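Visitor: Provided herewith is a single structure, encoded as structure tokens, for subsequent inquiry.
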Amino acid sequence: MSSIDLNRPDDFQRDSIDDFFEDFREAYENCETILIDLEHKPDNQDLLNGLFRVVHTIKGNLGFIGLFSLIPLLQSLEDVLDDIRKGHMAYDSALCDVILQSLDRTKGIVNAKIENQQGPLSPQKISYISAHLTQLTSIDEDARALCIKHILLGLDPTSRLEDLPQEVSAGPVAAVTNTGPAAAPAAEDPLLVWRRMLQLYGIPQDEDTMFFVGLVQSIESRSEQWQGRTARQLFLCLEMNRQAGNKVDKDQLAIAVMLHDLGMAFLPRTLFNEQMQADPTQLSLWKRHAEHCASLLASSPRWQEAAAIIWQHHENVDGSGFPDGLEGNDISDGAKILRIADEFDARPQEHNDPAIARRHMMKAVLDINNQSGKVFDTFWIDIFNQVIRAHHQHFAR
């Protein structure tokens, strides 16, 4: 699923955007109800958890309409809500204003993109607001009140960035969010999309990671149908892992997802999507693509787990997979996650017509569920279903 072009949506894309707004309106109304109740019960854990889930769902859905540049704002807001529900900070009416205005601006930016107009917040102001939100839990009460005022000023579309207070210190958050003018076209530039995705899940963007990101560009350039698949699979794998409490090292999982089909880049293009029609010699060549990549990655002591995930990502829990015919617990959790994501992403691609692919999305989910306990691990199928339910409108592409 490549990012939706919000400036020139076709009928299918318009349906996806409409789905987003339907979800958004429902989430916004739910949020308003929760915020009203929180005014009377600010310590209610169920309400705080519900508010956190609403913001998390909106944040995830933004990725599926290509607005990765907005994700840092929602991620920072989600982090604040997480600290509130964990008792690290008290909820109050000022935070209520911050939440409502953040969602208002989110809606305004999506509308502006659809109409090809300037949005209410520039990328630089989004970075400013996100950085201030991140500081809320690390400062005292007096400073927090002032910081919230600065956030609300930043959320005001009429305010100018140069007139806003600039107390946020340079640090890890500022370094991540202050991406400058070049970050504006994040939705169009695949490199920035991947970097936003890594940032979203807290994957360090060090020398190794950025080298691997560069390789991804070469992989996706080999086939038009592959363009956008890395972001899709990264989201599904990392979100499944997060839903399960990060059972797999997220850094290792991210690298495995990005590189698992690196070996495919060296195969004939006819083998990319037509393995079932390949002759035995070609099929044998295709089956070795994971081994080639895993062997290369295994030469680095740092990425042994990622290499194992790649090596095993075509294994089936009943032992019918390859290259080693592993079963059940002999297969790593990372490989089990990637096995599901790889299969789910490939199924809708069987149809070039997006409308057909959209109608067959649920069939793909059902087909995968029918192989639970055979091809796919039952625990991870349950997690997969939870993620699909949370984001189903935007998996239907």
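The values are calculated or read from the model by the stated rules, or taken from the named source; none is laboratory data. Small disclaimer: the values here were computed from a predicted structure and weren't measured. Every residue, glycine as well, gets a Cβ built from its backbone with ideal geometry; the counts of neighbours run over all protein chains shown.
Visitor: Kindly check whether there is at least one residue in region 89-101 that is of a type in the set (Ser, Thr, Tyr), more than 24 Å from the chain's Cα centre (by Cα) and surrounded by fewer than 16 Cβ atoms within 10 Å (Cβ to Cβ). Write out each step before concluding.
Guide: Step one: list which residues in region 89-101 are of a type in the set (Ser, Thr, Tyr), which gives 91, 93.
Remaining after also requiring more than 24 Å from the chain's Cα centre (by Cα): 91, 93.
Those left that are additionally surrounded by fewer than 16 Cβ atoms within 10 Å (Cβ to Cβ): 93.
There is at least one residue in region 89-101 that is of a type in the set (Ser, Thr, Tyr), more than 24 Å from the chain's Cα centre (by Cα) and surrounded by fewer than 16 Cβ atoms within 10 Å (Cβ to Cβ).
Visitor: Continuing with this model, one more query. Within region 31-80, work out how many residues are of a type in the set (Lys, Arg), surrounded by fewer than 19 Cβ atoms within 10 Å (Cβ to Cβ) and within 20 Å of the chain's Cα centre (by Cα). Let's see the steps before the verdict.
Guide: Of the residues in region 31-80, the ones of a type in the set (Lys, Arg) are 41, 53, 59.
Then drop every residue that is not surrounded by fewer than 19 Cβ atoms within 10 Å (Cβ to Cβ), which leaves 41, 53.
Right, trim to within 20 Å of the chain's Cα centre (by Cα) and you get 53.
Of the residues in that region, 1 qualify.
Visitor: Among the residues in region 294-301, are any at pLDDT 75 or above and assigned to a loop (DSSP other than H, G, I, E, B)?
Guide: Of the residues in region 294-301, the ones at pLDDT 75 or above are 294-301.
Subset that is assigned to a loop (DSSP other than H, G, I, E, B): 299-300.
Yes, the conditions are met somewhere in region 294-301.
Visitor: Every residue in region 199-209 that is part of a helix (DSSP H, G or I), modelled with pLDDT of 90 or more and surrounded by 14 or more Cβ atoms within 10 Å (Cβ to Cβ), please. Steps first, please.
Guide: Filtering region 199-209 down to residues part of a helix (DSSP H, G or I) leaves 199-200, 207-209.
This time we only want the ones that are modelled with pLDDT of 90 or more, so: 207-209.
Scanning region 199-209 gives ASP208, THR209.
Visitor: Sticking with this one: How many of the residues in region 325-364 are modelled with pLDDT of 70 or more and under 27 Å from TRP311 (Cβ atoms)?
Guide: Counting residues in region 325-364 that are modelled with pLDDT of 70 or more and under 27 Å from TRP311 (Cβ atoms) gives 23.
Visitor: Going by the structure shown, is ILE58 touching a helix residue (DSSP H, G or I) at 6+ places or on another chain (Cβ under 7 Å) and either closer than 18 Å to ALA90 by Cβ or not assigned by TED's automatic domain parsing to the domain that holds ASP92 (or both)? Break it down stepwise before answering.
Guide: Numbers: touching a helix residue (DSSP H, G or I) at 6+ places or on another chain (Cβ under 7 Å): yes; either closer than 18 Å to ALA90 by Cβ or not assigned by TED's automatic domain parsing to the domain that holds ASP92 (or both): no.
Against the criterion (touching a helix residue (DSSP H, G or I) at 6+ places or on another chain (Cβ under 7 Å) and either closer than 18 Å to ALA90 by Cβ or not assigned by TED's automatic domain parsing to the domain that holds ASP92 (or both)), ILE58 does not qualify.
Visitor: OK, next. Condition test on ARG85, is it basic (Lys, Arg) and in contact with a Pro (Cβ under 6 Å, 6 or more places away or on another chain)? Full working, then the answer.
Guide: Values: basic (Lys, Arg): yes; in contact with a Pro (Cβ under 6 Å, 6 or more places away or on another chain): no.
Answer is no for this residue.
Visitor: OK, next. When you check SER93 against the structure, is it small (Gly, Ala, Ser) and closer than 30 Å to GLN233 by Cα, yes or no? Break it down stepwise before answering.
Guide: Details: small (Gly, Ala, Ser): yes; closer than 30 Å to GLN233 by Cα: no.
In short, no.
Visitor: Going by the conditions given, is ILE255 at pLDDT below 90 and assigned to a helix (DSSP H, G or I)? Lay out the reasoning, then the answer.
Guide: Details: at pLDDT below 90: no; assigned to a helix (DSSP H, G or I): yes.
It is false that ILE255 is at pLDDT below 90 and assigned to a helix (DSSP H, G or I).
Visitor: Keeping to region 281-322, report how many residues are among the hydroxyl-bearing types (Ser, Thr, Tyr) and under 26 Å from the mean Cα position of the chain (by Cα).
Guide: Here is the first cut: in region 281-322, the ones among the hydroxyl-bearing types (Ser, Thr, Tyr) are 281, 284, 295, 299-300, 320.
From what's left, under 26 Å from the mean Cα position of the chain (by Cα): none.
Final tally of qualifying residues: 0.
Visitor: Something else: Which condition does SER69 not pass, out of (1) modelled with pLDDT of 85 or more; (2) in contact with a Pro (Cβ under 9 Å, 6 or more places away or on another chain); (3) not β-branched (Val, Ile, Thr), if it passes all the others?
Guide: Unmet for SER69, out of (1) modelled with pLDDT of 85 or more; (2) in contact with a Pro (Cβ under 9 Å, 6 or more places away or on another chain); (3) not β-branched (Val, Ile, Thr): (1).
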